[in-house]
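This report refers to the structure that appears directly beneath it.
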Amino acid sequence: MSKMFKIVGVIVIILALISFLQFAGINILLGAFSAFLTVVLGTAFIAIGELLDRVGYLEQQLNMSLEGATSSNESLPQKTCPKCLTKHDFDYPKCPNCKFEH
Ligand SMILES: [Zn+2]
């Protein structure tokens, strides 16, 4: 996802150079102006890609700490369904496998 933004940013900057060469033949100021705007746009895409990288990293860290929290919950008492012998959380009134109430 973030790589896509960076690639788009690089493509946009390349397009900026091409558009500069095209417009420069008509009007050098127009060419410089459009190239400037397009380079800003391309840089913005690369910045978004960079930002997504950081957000992704933070998300990963958060998920790891959340997984740590849920794995400690697994020490909760469990009970075994008398019908299908599936183990499930103690606070479930029904068996998640066969819906047997016990
Ligand atoms: Zn069951």
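All of the numbers you see were taken from the coordinates with simple rules; none came from a lab. Keep in mind that this is a model prediction, so the values were computed, not measured. We place every Cβ from the backbone using ideal geometry, glycine too, and count neighbours over all the protein chains shown.
In nm, to one decimal, how far is the modelled label at K3 from the one at I26, with both set 7 Å along Cα→Cβ?
3.7
Find which of L41, I13, F23 sits farthest along the positive direction of the dipole of the stretch 2-75, computed with +1 on the beta-carbon of Lys and Arg, -1 on that of Asp and Glu, about the Cα centre.
F23
Specify the angular offset, from 0 to 90 degrees and rounded to the nearest 10, of the alpha carbon long axis of helix 2-26 from the longest principal axis of the alpha carbons in the chain.
Once rounded, one gets 10 degrees.
Taking the chain as the reference, fit the longest principal axis to its C-alpha atoms, fit the long axis of helix 28-73 to the helix C-alpha atoms, and give the angle between the two in degrees, 0 to 90, nearest 10.
10
Between the alpha-carbon centers of the stretch 35-61 and the stretch 1-29, tell me the distance in whole angstrom.
Measuring centre to centre over Cα atoms gives 16 Å.
To the nearest 20 debye, what charge dipole does the chain have about its Cα centre, counting +1 at the Cβ of each Lys and Arg and -1 at the Cβ of each Asp and Glu?
Details: 8 positive and 8 negative charges, 58 e Å.
So the dipole magnitude of the chain works out to roughly 280 debye.
Viscosity 1.306 mPa s, temperature 10 °C: Stokes-Einstein D of the chain from its Kirkwood Cα radius, in µm² per second?
86
For a footprinting-style exposure proxy, rank Y57, Y92 by other Cβ within 10 Å, fewest first.
Details: Y57 10, Y92 13.
Listed from fewest to most nearby Cβ atoms, that is Y57, Y92.
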